[in-house]
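The structure under discussion appears below in the form of C-alpha cells.
The values are calculated or read from the model by the stated rules, or taken from the named source; none is laboratory data. Since we're looking at a predicted model, the values are computed, not measured. In this analysis, Cβ positions are derived from the backbone assuming ideal geometry, glycine residues included, and neighbour counts consider all displayed protein chains. The area values use the complete protein model at the heavy-atom level, side chains included, leaving out ligands, DNA and RNA. Shrake-Rupley method; radii C 1.70, N 1.55, O 1.52, S 1.80 Å.
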Amino acid sequence: NHVPVRLVVPPGEVGHVAWAIEQTGPILERLEAWFGEPYPYDKLDIVAIPQTVGFGAMENPGMVTVNLGTMAWNPADDEVGRRRDYVETMAHELAHQWFGDLVTPMWWDDLWLNESFASWMETKITEGLFPEWRVDVARVNGRAGAMDVDGLTTSRRIHEPIVGVDDIETAFDGITYAKGEAVLTMFEAYMGPDAFRAGVRAYIAAHRDGSATSGDLVAALAGALPGGGAAERAQFAASFLSFIDQPGVPIVSASIDCTGPPVIRLAQERFLPSAPPDGTRWTIPVCFALSGARGDYRECTLLAEPTAEVPVEAACPLTAHLNDD
C-alpha cells in the first residue's frame with residue numbers, strides 16, 4: 001500500500017541508521033506476505049528513544065519506539081550482533097502490529113497471544129532474510145532455557161491467571177516468550193506451515209480491530225487442521241490447551257518393538273529432575289522419521305495417554321528418529 005516509513009532519531013544520529021533504513025522495508029514486506037494482507041495502518045514511524053536501561057522497544061500502532069542503541073550505531077562499530085539485534089527487534093515489534101494492535105488480547109492472561117507470536121515471527125522473518133545467521137540454533141537455545149524453568153515444581157503456565165498488577169510484571173518472562181514460541185513452532189510442524197498460517201489468518205480476520213482470547217485462536221487453528229473432522233479438531237484443541245493451561249514440560253520415551261508387527265511404544269511423564277513425576281499429562285504431538293527395510297517415511301500421532309503403541313508401516317529392522325522437526 002506504499003505506506004510511508006520514517007525513522008526518527010536525535011540530532012547527530014542520521015548517519016548511524018543506514019542498516020535500519022535498509023532492512024525495515026523488507027521486514028515489513030515479509031510480514032505482509034505471511035499475513036496475506038497489507039500493513040494495517042496508514043503510516044509507520046520508528047522512533048529512537050535515547051535511553052540506556054529498562055527499555056527495549058514498544059509496538060504502538062503506527063509508531064514503534066526502540067532503544068537508540070538498537071537502531072543507530074557508528075559505522076566503525078558495525079558488527080553482525082548489532083545488525084541481528086535490529087532485525088530481530090523490528091521483526092518482533094512489527095509483528096505486533098497484527099498480534100497485539102490489530103487484534104488485542106481480551107485480558108493480561110492472554111499476553112502470550114502477543115509475545116509468543118511476536119517471538120515466533122521474529123525468528124521466522126530473520127531466518128528468511130538471513131539464513132546464514134542460524135537463528136534456528138537460537139530457537140533451540142531459547143526452548144532449552146524455557147525447559148530449564150519448566151523443569152521446576154514452581155513453574156507457571158503460559159495462559160496464567162492475572163489477578164493483580166504484580167502478576168502482569170511476572171508474566172513478561174521466558175515462559176511467555178520462549179516457551180510460547182516453542183509451542184507455536186511445535187504445532188506449526190504438526191499441522192504443516194500452510195495449514196497453520198491459514199488458521200492464524202482466519203483468527204486475524206475474525207477478530208480484526210477487536211479483542212480475542214486463547215480459545216479463539218485455538219478454535220481457528222483447529223478449524224484449519226488438514227482433513228480434520230469434529231473429533232480430530234476437538235483432540236487438537238485439547239492438545240493445544242494442555243500445553244498452555246498447565247505448567248511443566250513432558251518428556252517422551254520411545255522404544256521399537258519388533259516381536260510382532262512393528263510398533264513404536266511411547267510413554268510420557270512430566271520432566272522434573274529434582275522431584276518425582278506428578279502425574280501431569282499432555283496430549284502431545286509426536287512425530288518421528290522411520291528408516292526400515294521398506295524405505296523411509298514420517299509418522300505423527302497425538303499421545304494423550306501415559307503410554308501408547310503406534311503401529312508403523314516400515315519393516316524391521318528399523319530405526320526411528322524421534323522429535324522430527
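Where a ≥ b ≥ c are the square roots of the eigenvalues of the C-alpha gyration tensor, would you call the range 48-155 rounded, which needs a/c under 1.5, or, failing that, prolate if a/b is larger than b/c, or oblate?
Judged from the Cα gyration tensor, the range 48-155 comes out oblate (a/c at least 1.5, b/c at or above a/b).
Give the accessible surface of the range 201-274 per residue, rounded to a whole number of Å², with probe radius 1.4 Å and ligands, DNA and RNA excluded.
Accessible area per residue: 46 Å².
For the range 1-66, what is the accessible area per residue in Å², given a 1.4 Å probe and the full set of protein chains?
Computed with neighbouring chains in place, this is 54 Å² per residue.
Classify the chain as rounded, prolate or oblate, taking a ≥ b ≥ c as the square roots of the eigenvalues of its Cα gyration tensor: rounded when a/c is under 1.5, otherwise prolate if a/b is larger than b/c and oblate if not.
Here the chain falls in the prolate category.
Full extension from LEU129 to ASN1: what is 0.36 nm times the residue separation minus their Cα-Cα distance, to one decimal in nm?
Using 0.36 nm per residue and subtracting the Cα-Cα distance, I get 43.9 nm.
Sorted by average packing, counted as other Cβ atoms within 10 angstrom per residue and highest first, what order do 155-163, 302-310 take?
Final packing ranking: 155-163, 302-310.
Pull out the extension gain between THR52 and ILE168, defined as 0.36 nm times the separation in residues minus the alpha carbon to alpha carbon distance; nm, one decimal.
39.4 nm
Summarise the long-distance tail of P(r) for the range 121-226 by giving the % of C-alpha pairs beyond 16 Å.
67
Hey, quick one: spin label on ARG265, modelled 7 Å out along Cα-Cβ, who in the range 291-311 has an amide N within reach, i.e. under 17 Å?
It comes to 305-311, nothing else.
Helix 18-35: angle to the longest alpha-carbon principal axis of the chain, degrees 0 to 90, nearest 10?
Compared with the principal axis, the helix lies near 40 degrees.
Just to be sure I understand: with springs between alpha-carbon atoms less than 10 Å apart, which residue in GLY164, GLY192, GLY228 has the highest mean-square fluctuation in the Gaussian network model of the chain?
Result for the chain, Cα springs under 10 Å: GLY164 fluctuates most.
State the percentage of accessible surface on the chain attributable to carbon and sulfur atoms; use a 1.4 Å probe and exclude ligands, DNA and RNA.
Whole-percent figure for carbon plus sulfur exposure: 54.
What's the magnitude of the charge dipole for the chain around its Cα centre, counting Lys and Arg as +1 and Asp and Glu as -1 at the beta-carbon? Answer in Debye, nearest 20.
Result for the chain is approximately 480 debye, rounded to the nearest 20.
When only Cα pairs under 8 Å and 6 or more residues apart are kept, what is the percent relative contact order across the range 280-325?
47
Just to confirm my numbers, what's the Cα centroid distance between the range 119-158 and the range 185-242 in Å?
One Cα centre to the other: 21 Å.
For the chain, what is the calculated [θ] at 222 nm in deg cm²/dmol (nearest 500), taking -39500 (n - 2.57) for each run of four or more DSSP H residues and dividing by its residue count?
Helices in the chain give a 222 nm mean residue ellipticity of -13000 deg cm²/dmol.
Classify the range 8-80 as rounded, prolate or oblate, taking a ≥ b ≥ c as the square roots of the eigenvalues of its Cα gyration tensor: rounded when a/c is under 1.5, otherwise prolate if a/b is larger than b/c and oblate if not.
Cα axes put the range 8-80 in the prolate bin.
Where does the longest stretch of the chain lie that holds no chymotrypsin sites (Phe, Trp or Tyr not before Pro) found in a DSSP loop with 12 or fewer other Cβ atoms within 10 Å?
In the chain, the maximal stretch lacking such sites is 173-325.
Looking at the chain as a GNM with Cα springs under 10 Å, which of VAL14, VAL66, VAL87 has the largest mean-square fluctuation?
Comparing VAL14, VAL66, VAL87 in the GNM, the peak value goes to VAL14.
Can you tell me which of PRO11, PRO311, PRO193 moves the most in a GNM of the chain? Springs connect C-alpha atoms under 10 Å apart.
Answer for the Gaussian network model of the chain: PRO11.
To the nearest 20 debye, what is the magnitude of the charge dipole of the range 20-162 about its Cα centre, counting +1 on the Cβ of each Lys and Arg and -1 on the Cβ of each Asp and Glu?
260
What residues have an amide H closer than 5 Å to that of SER211, excluding those fewer than 5 places away on the same chain, when H is modeled at 1.01 Å from N in the peptide plane?
THR104
Give the angle, between 0 and 90 degrees and rounded to the nearest 10, that separates the Cα long axis of helix 193-207 from the longest principal axis of the Cα atoms of the chain.
It works out to around 60 degrees.
Calculate, for the range 108-199, the solvent-accessible area per residue in square angstrom, rolling a 1.4 angstrom probe over the heavy atoms of the protein chains.
43
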